[in-house]
Amino acid sequence: MSTERPVAADVRAALLDPLRMTSEQTSQLQGEACARCGRMDGLSPGGYAYTSSGKGGRLAHPVRVCRDHRSTGGTQ
Ligand SMILES: [Zn+2]
């Protein structure tokens, strides 16, 4: 029943390694695609995703979500 693509994961759910991100995750991190499902239309601000800084810290990146995931909040 689900129409979501199985390859997409919520980029807000995990600390991302910037050296191991897929091109889709990169698009999500840059706000070009929904942080949850990877759609690229109807986007609005959807919180933050984090990448490892390489020194034990992490960097926050503002991400966007599509209209289907705008109301879900968090990473649910
Ligand atoms: Zn979405």
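The values are calculated or read from the model by the stated rules, or taken from the named source; none is laboratory data. These numbers come from a predicted model, not from an experiment. Positions of Cβ are generated from backbone atoms using ideal geometry, with glycine treated the same way; all protein chains shown enter the neighbour counts. The protein model used for the area step is the full one, side chains on, heavy atoms only, and it has no ligands, DNA or RNA in it. Shrake-Rupley method; radii C 1.70, N 1.55, O 1.52, S 1.80 Å.
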Quiz item: Which residues, taken from the stretch 1-37, are out of contact with any His (no Cβ under 8 Å at 6 or more places or on another chain), modelled with pLDDT of 95 or more, near the ligand (Cβ under 10 Å from one of its atoms) and of a type outside the set (A, V, I, L, M)?
Solution: Gln28
Quiz prompt | Scan of the stretch 13-43 for residues that are open to solvent by 40 Å² or more (accessible area, probe 1.4 Å), in contact with a strand residue (DSSP E or B) (Cβ under 6 Å, 6 or more places away or on another chain) and not in a loop (DSSP other than H, G, I, E, B), ordered by number | solution = Leu15
